[in-house]
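Colleague: Can you read through this structure? Questions will come right after.
The values are calculated or read from the model by the stated rules, or taken from the named source; none is laboratory data. Worth saying up front: this structure is predicted, and the values here are computed from it rather than measured. Here the Cβ positions follow ideal geometry from the backbone for every residue, glycine too, while neighbour counts run over all protein chains shown. Remember, those area values only see protein heavy atoms, side chains included, never the ligands or the DNA or RNA. Shrake-Rupley method; radii C 1.70, N 1.55, O 1.52, S 1.80 Å.
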Amino acid sequence: MALRSADFARVAVLSKGDLNQGATFYAQGGIAAVLDEEDSVDSHIEDTLSAGVGLCHPQMVEYIVSHSADAVSWLVNQGVPFTTKQNSQSEPAASNSDATTLSSLHLTQEGGHSHRRIIHATDATGKAVFETLQKRAHEHPSIDLIEGCTAVDLVTQVSEDPSKRVCVGAYVLNQQTDSVELIKSKFVALATGGASKAYLYTTNPDGASGDGIAMAWRAGCQVANMEFNQFHPTCLYHPKAKSFLITEALRGEGATLELPEGSRFMDRFDERLELAPRDIVARAIDHEMKRLGCDCVYLNISHKPAEFIKQHFPTIYSRCLEYGIDITTERIPVVPAAHYTCGGVLVNRQGETDIGNLYAIGETSFTGLHGANRMASNSLLECFVVAFAAAKDIREKIGHTALGQDIPLWDESRVSNADNEILVSHNWDEIRRCMWDFVGIVRNSDRLQRAERRINLLADEIQEYYSKTRVSNDMLELRNLALVSSLIIRCALQRKESRGLHYTLDYPELDDRATDTILDPN
Ligand SMILES: Cc1cc2nc3c(=O)[nH]c(=O)nc-3n(C[C@H](O)[C@H](O)[C@H](O)COP(=O)(O)OP(=O)(O)OC[C@H]3O[C@@H](n4cnc5c(N)ncnc54)[C@H](O)[C@@H]3O)c2cc1C
């Protein structure tokens, strides 16, 4: 979005850690796009709607899917070194060649997709995309990349239309000076990622604490469908591996899921076997692990030639080898882990929220694309298509938008230095365990109510501490994590059915009518 806006505006990109600490950097599988002659936009739409179990917004699905080739074409032009049909047979490319065309890209397949339509850069697509775009942004004279700055809250003012507030900037904690600064801006886009850190086990990086969702909620934006948390079926199970995902593309290339004694089990859950949508595979694994009391199940690709495995999955091969697992000859121990937040800040196709001049893009937003279950590799696609539309919208508005006036500075006169850090670390662990145990893959109303009582108590305690103490990055994340956890639970309690990623023993059936869960802070 920064690159698409920088030709008509000055852009500051803030990140609370290093820029590469978002989920994008870790994306392995790829980006879904209709590029093959045998494939069609209709088929991609159909698969997305099917994975979303009746809850996707069909117009949004059509909009995003029909812009997939344009998004990939732009990325290729930026120089992202996607794997081509040619280099999938040999060494991966170090950089993109000028001659790369859309029809030359190698396509792989993932769960829920009925065609090969995932473009990728071996098994480290996010890294390739991130590094290329970061380099482009770094070179652009109108873009400032500012690391180590945590957005605390948005600043809003009444607009000319008194019924609507507008966003005029944000308060930001500068971690170098330890002070909270006001950044004024005509437009603000939240691209702060998801909230999977709410769960004890997750594939996400540490910063996925739902900050954007929490800030937008506090500013007065509606939030939707937070009950749909995607658990990735296959995260490496090893005491020393922190959040290492084993991409679905392995199953796309024939890897099988097996119980400890060696038998396959997916045939008892879905006719699509290992390529069933993620919710079905994660629930099947959860079911088998609980039934057998085992710590993990196994993913097996060792029947494929060793050269094929090393060439297609170099990152996974070498990471597993670091932990003593040779995936060309051995099975990989795996467990499900929180992976993707399908709900978020309610936006339209330009990424506009309820608040004027405030946009939300990517995992922090709720566009209606994913419905009750995100189909693999649709999320990066959504990031690009909506970001491009948001940049276009801003270009049209910027000429008649003024900077906010008379915005108060951050007031620290009534707070003191932190003296109770144990409260932060203890509550961080408590929230994540509570969410894992009571608001996990399989839910019931009793456990959700228990979780609600506990999280609300913690949120009150955290808010009291926050109001008296000088802010820190850890405390801000904790405050946001408590808020988004309470939003997840509220949404889960409101849904009296099982659909897609939300599965509750008290309401195991699917309702005839599919409705979004929309929460309004006003
Ligand atoms: C292991 C893994 C593999 C995945 N594989 C795929 C895949 O193959 N295909 C696919 O489509 N999707 C995949 N996904 C999902 C996809 O990567 C994410 O949904 C997507 O990258 C989210 O992008 P984003 O820009 O919304 O957020 P992110 O990339 O997470 O970036 C968020 C940024 O916001 C910053 N930030 C957060 N809060 C604040 C704050 N308060 N102040 C300042 N900065 C803040 C963070 O530091 C970070 O830099 C994967 C996810 C994971 C975790």
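Colleague: How much length would be gained if the chain were fully extended between GLN176 and LEU409, taking 0.36 nm per residue of separation minus their Cα-Cα distance, in nm to one decimal?
Modeller: Net length gain for the segment: 82.0 nm.
Colleague: Nearest 500 deg cm²/dmol is fine: what mean residue ellipticity at 222 nm does the chain get from its DSSP H runs of n ≥ 4 alone, each adding -39,500 (n - 2.57), divided by its residue count?
Modeller: Calculated from helices alone, the mean residue ellipticity at 222 nm is -10500 deg cm²/dmol.
Colleague: Computed FRET efficiency, Cβ-Cβ of ASN348 and SER425, R0 30 Å: what is it to the nearest 0.05?
Modeller: That pair, ASN348 with SER425, gives E of 0.15.
Colleague: Can you give me the accessible area per residue for the chain, using a 1.4 Å probe, in Å²?
Modeller: Spelled out: the 1.4 Å probe surface of the chain, per residue, equals 42 Å².
Colleague: Moving to a separate point now. Using Cα pairs under 8 angstrom and six or more residues apart, how large is the relative contact order of the chain, in percent?
Modeller: Relative contact order of the chain: 21 percent.
Colleague: For segment 122-231, what's the relative contact order in percent, using C-alpha pairs closer than 8 Å and at least 6 residues apart?
Modeller: Over segment 122-231, the number comes to 16 percent.
Colleague: What are the DSSP H helices in the chain that stretch 18 Å or more along their long axis, judged by alpha-carbon atoms, and whose average Kyte-Doolittle hydropathy comes to at least -0.5?
Modeller: What comes out of the filter, once short or polar helices are dropped, is 378-397, 421-438, 473-494.
Colleague: To continue, here is another question. Would you give the gap between the C-alpha center of segment 270-315 and the C-alpha center of segment 466-522, rounded to a whole Å?
Modeller: Between the Cα centres of segment 270-315 and segment 466-522 lies a distance of 29 Å.
Colleague: Another one. Under a point spin-label approximation (7 Å from Cα along Cα-to-Cβ), what is the ARG10-LYS85 distance to one decimal in nm?
Modeller: Modelled inter-label distance: 4.8 nm.
Colleague: Among VAL442, THR125, LEU245, which residue has its Cα furthest toward the positive end of the charge dipole of the chain, with +1 on Lys/Arg Cβ and -1 on Asp/Glu Cβ?
Modeller: VAL442
Colleague: Using r as the Cβ-Cβ distance of GLU160 and ALA514, and R0 as 45 Å, what FRET efficiency do you calculate, to the nearest 0.05?
Modeller: 0.75
Colleague: If contacts are Cα pairs under 8 angstrom and at least 6 residues apart, what is the relative contact order of segment 347-425 in percent?
Modeller: 27
Colleague: Next up: Check HIS502: other-chain or 5+ apart residues with amide H under 5 Å from its amide H, H built from backbone geometry?
Modeller: none
Colleague: Oh, and also: On a full-extension model of 0.36 nm per residue, what is the gain between SER66 and GLU322, subtracting their alpha-carbon distance, rounded to one decimal in nm?
Modeller: Stretched fully, the SER66-GLU322 segment lengthens by 88.1 nm.
Colleague: Taking the simple approach of a point 7 Å from Cα along Cα-to-Cβ for both LYS496 and SER302, what is their distance in nm?
Modeller: Spacing of the two 7 Å Cα→Cβ label points: 5.1 nm.
Colleague: Order of 439-449, 30-40, 506-516, 215-225 by packing, highest average Cβ count within 10 Å first?
Modeller: 215-225, 30-40, 439-449, 506-516
Colleague: Could you pull out every residue, at least 5 positions away or on a different chain, whose amide H is within less than 5 Å of the one on LEU105? Hs are placed 1.01 Å off N in the peptide plane, and Pro or chain starts have none.
Modeller: LYS85
Colleague: Using a probe of 1.4 angstrom, how much of the accessible area of segment 288-357 is carbon and sulfur, in percent?
Modeller: Carbon with sulfur: 49 percent of the solvent-accessible area.
Colleague: Testing the spin-label approximation: label points 7 Å from Cα along Cα→Cβ at THR315 and GLU147. State their distance in nm.
Modeller: Label at THR315, label at GLU147, 1.8 nm between them.
Colleague: Treating only the Cβ of Lys, Arg, Asp and Glu as charged (+1, +1, -1, -1), what charge dipole size does the chain show about its Cα centre? Round to the nearest 20 debye.
Modeller: Charge dipole, the chain, about its Cα centre: 380 debye, nearest 20.
Colleague: Sorted by average packing, counted as other Cβ atoms within 10 angstrom per residue and highest first, what order do 113-122, 458-467 take?
Modeller: In decreasing order of mean packing, 113-122, 458-467 become 113-122, 458-467.
Colleague: Taking the alpha-carbon distance from LYS16 and a cut-off under 16 Å, which aspartates and glutamates remain once sequence neighbours fewer than 8 residues away in the same chain are dropped?
Modeller: Counting by Cα, and skipping residues close in sequence, LYS16 has these aspartates and glutamates nearby: ASP144, GLU147, ASP153, ASP178, GLU181, ASP206, ASP211, ASP474, GLU477.
Colleague: Can you tell me the length gained on complete extension of the stretch LEU457 to LYS242, counting 0.36 nm per residue apart and subtracting the Cα distance?
Modeller: Working it through step by step, the gained length comes to 74.5 nm.
Colleague: Sticking with this one: Just want the answer: with Cβ charges of +1 for Lys and Arg and -1 for Asp and Glu, which residue in PHE25, ALA69, THR108 is farthest toward the dipole's positive end in segment 1-123?
Modeller: With unit charges placed on the Cβ atoms, the residue in question is PHE25.
Colleague: May I pose another question? For segment 363-426 and segment 239-260, what is the centre-to-centre distance using only Cα atoms, to the nearest Å?
Modeller: 32
Colleague: Where nothing but the Cβ of Lys and Arg (+1) and of Asp and Glu (-1) is charged, how large is the charge dipole of segment 170-283 around its Cα centre, in debye to the nearest 20?
Modeller: Once rounded to the nearest 20, the dipole reads 340 debye.
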